Amino acid sequence: MATEDKFSKGTPCEICPLRPLEIFRPFKHEELAFVANFKIGERSVESGGTILSEGERSEHLFTVLSGWGFRYKVLKDGRRQILNYVMPGDMVGLQGTLMGEMQHSIEALSPVTLCVFKRTGLEQLYRQHPDLAYDITWIAAREERILDENLLSIGRRSALERAAYLLAFLYQRAATLQVFRGGRNAIPISQQHVADTLGLSIVHTNKTLRKLAGRDFIRWADRGCEVRDIRGLLRLAGWEGFSEPKRPLI
């Protein structure tokens, strides 16, 4: 884990590129001033690098400023289960802060930039800024909601429906954050990531994704999966789509 003096100064909160996005609620002046003081810098993690490790006791909380990552757990024999994916605006490390140590690991899917916060500042946040404290509670509840949907998908959807749900879910989340650039909407995951998320073998996953590609719902490229027909994926998954009200950004 990097030490505090290795964090770069980074982007001032007042000109954060995420705040103008429609999905995030506006901050009051005093809230923004507090968060700007709460933030101690930024940390960069290369693709494939570890953001946090299971069992780690971190002195810091992080908010993803840019890039993609995923949360996962590993069995003793090396089998991995991907629990969820993290994108810009998501807070990571809260679990380790409140429970003493991380109960899962987080890896970068692409180059990631993280806003870094000293976890000891949480006490002041809860004491002096109840609206921000509510925001953190909302963030935790949202994560639970997403995990509920993921568990439903793994437990009750067919392999084809699971894959359709996962790709539609990731695409819609990313679209609200305006992370797609240059007319491409590639999700930066490999077929192994999909297999480890859906609880399928890599062979079964490959066959399933080829079926989706055969219907022209997706196109698999070297650097990820491009969604070509989001409505087709939603229909196949039997899912109405991802929606949420304006969300907080710490």
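The values are calculated or read from the model by the stated rules, or taken from the named source; none is laboratory data. Worth saying up front: this structure is predicted, and the values here are computed from it rather than measured. Here the Cβ positions follow ideal geometry from the backbone for every residue, glycine too, while neighbour counts run over all protein chains shown. Only protein heavy atoms, including side chains, enter the accessible area calculation; ligands, DNA and RNA are left aside. Shrake-Rupley method; radii C 1.70, N 1.55, O 1.52, S 1.80 Å.
Summary of values
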read-out: Pairs where the first residue, in the range 29-50, is farther than 17 Å from Arg71 by Cα and the second is open to solvent by 20 Å² or more (accessible area, probe 1.4 Å) and in a helix (DSSP H, G or I), C-beta under 7 Å, 6+ apart; value: Glu31/Asp131; Leu32/Glu14; Ala36/Glu14; Ile40/Glu4
read-out: Some residue of the range 44-58 being among the β-branched types (Val, Ile, Thr), open to solvent by less than 20 Å² (accessible area, probe 1.4 Å) and farther than 19 Å from Ile146 by Cβ; value: yes
read-out: Members of the range 60-102 found to be acidic (Asp, Glu) and surrounded by fewer than 16 Cβ atoms within 10 Å (Cβ to Cβ), listed by number; value: Asp77, Glu101
read-out: Answer from Leu152, Leu166, Leu198, Leu212 - the residue that is under 28 Å from Glu244 (Cα atoms), without any contact (Cβ under 8 Å) to a residue 24 or more places away in the chain and not small (Gly, Ala, Ser); value: Leu152
read-out: Residue tally, condition out of contact with any helix residue (DSSP H, G or I) (no Cβ under 8 Å at 6 or more places or on another chain), open to solvent by 30 Å² or more (accessible area, probe 1.4 Å) and not in a helix (DSSP H, G or I), over the range 114-129; value: 1
read-out: Any hit, the range 22-32, residues being touching a Ser or Thr at 6+ places or on another chain (Cβ under 8 Å), surrounded by 12 or more Cβ atoms within 10 Å (Cβ to Cβ) and either hydrophobic (A, V, I, L, M, F, W, C) or under 21 Å from Leu109 (Cα atoms) (or both); value: yes
read-out: Residues (open to solvent by 30 Å² or more (accessible area, probe 1.4 Å) and either at pLDDT below 95 or β-branched (Val, Ile, Thr) (or both)) located in the range 229-250; value: Ile230, Gly238, Trp239, Glu240, Phe242, Ser243, Glu244, Pro245, Lys246
read-out: Flag for Glu144 being farther than 24 Å from Ala175 by Cα and without any contact (Cβ under 8 Å) to a residue 60 or more places away in the chain; value: no
read-out: So His60, is it at pLDDT below 95 and touching a Ser or Thr at 6+ places or on another chain (Cβ under 9 Å); value: yes
read-out: Residues (assigned to a helix (DSSP H, G or I), hydrophobic (A, V, I, L, M, F, W, C) and open to solvent by less than 80 Å² (accessible area, probe 1.4 Å)) located in the range 187-224; value: Val194, Ala195, Leu198, Ile202, Leu209, Leu212, Ala213
read-out: Only listed residue being over 21 Å from Ile202 (Cα atoms), buried (at least 17 other Cβ atoms within 10 Å of the Cβ) and not polar (S, T, N, Q), chosen from Tyr165, Tyr171; value: Tyr171
read-out: Extreme residue, least open to solvent (accessible area, probe 1.4 Å), among residues of the range 130-141 that are out of contact with any strand residue (DSSP E or B) (no Cβ under 9 Å at 6 or more places or on another chain) and farther than 19 Å from His60 by Cβ; value: Ala141
